[in-house]
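What follows is calculated from the coordinates using simple rules that are stated; it is not laboratory data. This structure is a prediction, so every number in the text was calculated from the model and none was measured. Cβ placement follows ideal geometry from the backbone for every residue including glycine, while neighbour counts extend to all protein chains displayed.
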Amino acid sequence: MAQEITLGQLRNWLILYADRVIAKEEELTRLDAAIGDADHGVNMRRGMEKVRERLQDPNNPCPDISALFRTVAMTLISAVGGAAGPLYGTFFLRAATSPNDGTHVDLAQLARMLRFGLDGLKQRGKAHIDDKTMVDAIQPAVEAMEAALASGQSLAVALAVAQQAARLGMEHTIDIRANKGRASYLGDRSIGHQDPGATSAYWLFETAAIVLGSPASPSNTG
């Protein structure tokens, strides 16, 4: 039987992601100061603080996976300023529309959810691979996960290769010219700087490998 990811594990993943973003606010600010408005750090920290607060509220539990992702989406859209709120919000909102079993998913369902999110993100932001955006981390990660699924790899392996692909995609943004957002105004001067959106997107897959790559246990099941 395929290993399943529980609602509780997904919730823990998103809380750990929030913790990571909050802790690394200054890094995002530094990256964005080089090629943008220097607000990605504070905007993402503000939004993820709200997400963490919402997901840890015992009085308003999310009953299923779709509700969990919709909650994250709407919280980010309402709390995050700049472009990041609508983009991350769209990613999670579209992921929430992917068919799932309610309180658990297997690798195939997780990959499909992330594919839905990626397609929604690209449609909303009009960005493609090599535009020096968060897509440069997310698309390779989703494709790596899909390839691992197709070749019969385990959940842990699929998450590990997705993390590696996201990291390489993030690092690749250093070498390319920005074609979207404020960074695009710099032209070739944007080369040599890592994209802050790709960086925060990489942490999404890094924390997924940490939390979702381990078998479910009584402490993190939903």
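Scalar couplings 3J(HN,Hα) for the stretch 174-183, obtained by applying the Karplus form with A = 6.51, B = -1.76, C = 1.60 to θ = phi - 60°, are 4, 8, 10, 8, 6, 10, 9, x, 4, 4 Hz; x denotes Gly and Pro. By the compact-protein rule of thumb, 2.2 N^0.38 Å, the alpha-carbon radius of gyration of the stretch 4-212 corresponds to a ratio of 0.95. Highest average first, the peptides 74-80, 99-105 ordered by how many other beta carbon atoms sit within 10 Å of their residues are 74-80, 99-105.
Note on the chain: with a GNM built from Cα contacts shorter than 10 Å, the maximum mean-square fluctuation among 160, 84, 150 falls on 150. For the stretch 4-212, relative contact order (Cα pairs under 8 Å, six or more residues apart, normalised by length) works out to 22 percent. What relative contact order, as a whole-number percentage, does the stretch 58-106 give when Cα pairs under 8 Å and 6 or more residues apart are counted? After rounding, I find 44 percent.
Measuring from centroid to centroid over Cα atoms, what is the spacing of the stretch 1-40 and the stretch 74-114 in Å? About 13 Å separates the Cα centre of the stretch 1-40 from the one of the stretch 74-114.
The fewest-to-most ranking of 186, 149, 87 by surrounding Cβ atoms within 10 Å reads 186, 149, 87. Evaluated at q = 0.15, 0.26 Å⁻¹, a Debye calculation over the C-alpha positions of the stretch 134-173 (equal weights, vacuum) places log10 I(q)/I(0) at -0.29, -0.72. Relative contact order, whole percent, for the stretch 109-207 stands at 31, derived from Cα pairs under 8 Å and 6 or more residues apart.
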